[in-house]
Amino acid sequence: LLAFVVTLAYRSERGSRAGRSLLCCIRIALIGLVVAMICRPVLKLQRNRVEPSHVALLIDRSASMALRDETGPSRIDAVRAALLGENAAALRSLLERNELELYLFGQNVGRVATANNPNALPSVVAALEHVTCDAPVTNVPAAIQEVLRRTERGRLAAIVLASDGRTTASVRLGEDNAI
């Protein structure tokens, strides 16, 4: 509407047609600029970054995991069967949406293998097949805390813990090291 009014105002002015058209365009542009400033336009740039989450697989390698229960395989063999059975279907399902990190723990924690796609899975499978249960002490809370500490900046989807559940190391949970 304002552009129409400005155009009508310049039609009645004297001077060349080109000069009037130029002044009309300048005035319309200035009015448009003032209207835009009144509306306070904001340029908002958004950048989404997708970071893959990961699953920490903690396997107890204490000597108690080598023990056989009354009628079954050793505890570590039961863990291997659960994780590696059916062509490692459990591990493959974890890799569908996450990266996988394999940690072994006794008194200390160590990352032994990682996989971020199914092609990298053989390194995790080989590490699981060669787990030796010879650690004299089990410290489950310290293992979980260490994994959480190592993955502070990353996106930890889950911790999968395979242990007989016995903590044989002395553990003191308090405010400084609460899980």
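The values are calculated or read from the model by the stated rules, or taken from the named source; none is laboratory data. What you are looking at is a predicted structure, and each value in this text was computed from that prediction instead of being measured. Note that we place each Cβ from the backbone using ideal geometry, even for glycine, and neighbour counts take in every protein chain shown. Side chains included, ligands, DNA and RNA excluded: accessible areas come from the protein's heavy atoms. Shrake-Rupley method; radii C 1.70, N 1.55, O 1.52, S 1.80 Å.
Taking segment 105-124 as the range and being open to solvent by less than 60 Å² (accessible area, probe 1.4 Å) and within 16 Å of A158 (Cα to Cα) as the test, only A115 passes.
Just to be sure, is R155 in contact with a helix residue (DSSP H, G or I) (Cβ under 7 Å, 6 or more places away or on another chain) and surrounded by fewer than 19 Cβ atoms within 10 Å (Cβ to Cβ)? Explain how you work it out, then say what you get.
Values: in contact with a helix residue (DSSP H, G or I) (Cβ under 7 Å, 6 or more places away or on another chain): no; surrounded by fewer than 19 Cβ atoms within 10 Å (Cβ to Cβ): yes.
Answer is no for this residue.
Within segment 133-143, the set of residues being within 24 Å of A81 (Cβ to Cβ) and in contact with a Leu (Cβ under 9 Å, 6 or more places away or on another chain) comprises C133, A135, V140, A143.
Among (1) open to solvent by 70 Å² or more (accessible area, probe 1.4 Å); (2) at pLDDT 80 or above, there is one condition V5 misses while meeting the rest; what is its number? If we test V5 against (1) open to solvent by 70 Å² or more (accessible area, probe 1.4 Å); (2) at pLDDT 80 or above, just (2) comes out false. Please indicate, with yes or no, whether at least one residue in segment 104-123 is of a type in the set (G, A, S), in a helix (DSSP H, G or I) and over 20 Å from the mean Cα position of the chain (by Cα). Yes, there is a match, as at least one residue in segment 104-123 is of a type in the set (G, A, S), in a helix (DSSP H, G or I) and over 20 Å from the mean Cα position of the chain (by Cα).
Taking segment 76-101 as the range and being in contact with a Ser or Thr (Cβ under 8 Å, 6 or more places away or on another chain) and either part of a loop (DSSP other than H, G, I, E, B) or open to solvent by 70 Å² or more (accessible area, probe 1.4 Å) (or both) as the test, only R97 passes.
Within the set S21, S53, the sole residue that is closer than 30 Å to I76 by Cβ and among the hydroxyl-bearing types (S, T, Y) turns out to be S53. Applying a threshold of 8 Å to beta carbon distances and a minimum spacing of six or more residues, or different chains, the list of pairs starting in segment 10-25 at a residue that is surrounded by 12 or more Cβ atoms within 10 Å (Cβ to Cβ) and ending at one that is among the aromatic types (F, W, Y) reads R20/Y10; S21/Y10; L23/Y10; C24/Y10.
Contact map, segment 39-68: first residue more than 15 Å from D164 (Cα to Cα) and open to solvent by 70 Å² or more (accessible area, probe 1.4 Å), second residue part of a strand (DSSP E or B) and not hydrophobic (A, V, I, L, M, F, W, C), Cβ cut-off under 7 Å, separation 6 or more or different chains; pairs are P52/N98; P52/E99. Against the conditions (1) at pLDDT below 85; (2) in contact with a helix residue (DSSP H, G or I) (Cβ under 7 Å, 6 or more places away or on another chain); (3) among the hydroxyl-bearing types (S, T, Y), S170 satisfies every one except (2).
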